[in-house]
Amino acid sequence: MDTFSNRLKAIMAEKNLKQIDVIRLVESAGKESGIKIGKSHMSQYISGKTVPRQDIMSVLAKALEVDEKWLKGELSSAPVGDSEKNISEKIKISEAGGRTMKEFKKSCKLDNVLYDVRGPVVDEANRMIDAGMNILKLNIGNPAPFGFSTPEEVIFDMRQQLTECEGYSDSKGLFAARKAIMQYSQLKNLPNVEISDIYTGNGVSELINLCMQALLDEGDEILIPSPDYPLWTATATLAGGKVVHYICDEESEWYPDLQDMEKKITDRTKAIVIINPNNPTGALYPKEVLEKIVELARRHHLMIFSDEIYDRLVMDDYEHVSIASLAPDLFCVTFSGLSKSHMIAGFRIGWMVLSGNKAIAKDYIEGLNMLSNMRLCSNVPAQSIVQTALGGYQSVKNYIVPGGRIYEQREYVYKALNEIPGISAVKPKAAFYIFPKIDVKKFNITNDEQFAVDFLREKKVLIVQGSGFNWNKPDHFRVVYLPRIEVLEDAMKKLGEFMSSYKQ
Ligand SMILES: Cc1ncc(COP(=O)(O)O)c(C=O)c1O
């Protein structure tokens, strides 16, 4: 058994353990040291992408009741001694006050689901916060805590309408909200959109999940970018689909690598997902790239999902083009919402628009309607301000032009990151994320989660490691540049200091 991954799989098979069982055993064995592992750790260990760091390795060996040296590959003999008890019983049964109690476990469907934007590194940050430390959180794209406030008119109008929003709405949403979204879709040139093609959701998040559940059967494949906004991979996996990641190429402004995309299409592929503008890279895809994706989808009869939640946060006078506007003959689903452009992530309002060739998706649309009806409707008070938000002056524009906060913060963070020896970053054109590259040779980095934890522990700054975005090398991390420049300056100074002596 030459690799750690093989040894781990062998011991798990021998003891009849699932990934979730191992996570629980480690949690129990690591109680004193506070060591835990998450699902992302497990899937990376199993796939052989990373190996545990030393302290985790020790706890893992203890949890699995194997010789640590064997687990590390330093022994060739068999791992298990006479201590092999009935492990599966142990994890199913716990003693409480002398009574035997059965533990409740989460479903196996969640075993391979990864969502690390709020994962183990964040758990460690929360532990530090509980211990009284002050942590600078650059991990989540949530504008409100960084002093971005909702346009006053939006708050005023919601207040005015609140008493009219007590009941459920139509499951797809209020007519006025959907009409406003329809008009917005017209401005974006989405073809063949009627009011019945518009669904509001409790954020884009709910609708992504709904679309994946309605589409994917066991083994159906879906092309999702790497790096991605990890909800896409998580929900497609949860729905039973097989996620196939296509590479976005840092050398080409983080545009999708079309050759890689095409290479990965099989006869089980149902759809292509694009995130444009992109989280985590901040990329914005030009029309020519979108046309090539459409061409590919056309040739292989694929559906297109386009996550465009940042379409109103585009800088440098670039224009956002909706891919659906280029594909009237294909079936497309376009997502957007108000969480980012109107700084109301907490209100939970997003939407999706079906467009193009709906005739080929009749049955799928039936599935979407079924799921939409099952959740009754999305948050009605939040729907009530869609018309206000999408009409008239878009105050978000003030933030994304020279002198505006998001623009200036991007300028600063881009320059500051590139000035740190061993770090380089492509300039984002939209949204409020940057995805810098680390020279892993210089710092001997093999585990990006370890890097994020080390930086957190030493400098009390929380970033998300690249693997949290389904990026399969340990050489990137994401910075959310929503904080004010003074705060970013402090964070970048700390990163510079940290990198000046860091070695893994
Ligand atoms: C690309 C992308 N899509 C969707 C979402 C979720 O947005 P919502 O608040 O509408 O659920 C996010 C949130 O960060 C995102 O970055």
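Values in this text are rule-based calculations from the coordinates and carry no lab data. Quick caveat: nothing in here was measured; it's all calculated off a predicted structure. All Cβ positions, glycine included, derive from the backbone under ideal geometry; neighbour counts span all protein chains shown.
Quick notes on this one:
- Whether the chain is rounded, prolate or oblate, judged on the alpha carbon gyration tensor where a/c under 1.5 counts as rounded: prolate
- Residues whose amide H comes within less than 5 Å of that of Tyr255, counting only those at least five positions distant or on another chain, are Asp249 (H built at 1.01 Å from N in the peptide plane).
- Residue among Asn134, Cys248, Cys165 farthest towards the positive dipole end of the chain, charges placed on Cβ: Asn134
- Relative contact order of the chain, defined on C-alpha pairs under 8 angstrom at six or more residues apart (%): 17
- Near-label residues of the range 270-298 by backbone N, under 19 Å of a point 7 Å along Cα→Cβ of Glu262: 270-274, 286-298
- Only one residue of Ile360, Ile272, Ala214 has its Cα farthest out toward the positive end of the dipole of the chain, where Lys and Arg carry +1 and Asp and Glu -1 on Cβ, and that residue is Ala214.
- The trypsin sites (Lys or Arg not before Pro) of the range 343-409 that meet both conditions, a loop assignment by DSSP and at most 16 other Cβ atoms within 10 Å of the site Cβ, are Arg375.
- If the chain linking Asp490 and Glu419 were pulled fully straight, counting 0.36 nm for each residue of separation and taking away their Cα-Cα distance, it would gain 24.1 nm.
- FRET E, pair Lys503, Lys473, Förster distance 22 Å, beta-carbon r, rounded to 0.05: 0.75
- Selection of chymotrypsin sites (Phe, Trp or Tyr not before Pro), the range 100-179, meeting DSSP coil and at most 14 other Cβ within 10 Å: Phe104, Tyr168
- Separation between Cα centres of the range 268-309 and the range 43-58, rounded to whole Å: 33
- With a Förster radius of 56 Å applied to the beta-carbon distance between Lys442 and Arg375, the computed FRET efficiency rounds to 0.70.
- Neighbour count of at most 16 Cβ within 10 Å plus DSSP loop: longest GluC sites (Glu not before Pro)-free window in the chain: 219-318
- The relative contact order of the range 183-294, computed from alpha carbon pairs under 8 Å that lie at least 6 residues apart in sequence, is 24 percent.
- Per-residue Cβ neighbour counts within 10 Å put Trp70, Trp351 in the sequence Trp70, Trp351, beginning with the fewest.
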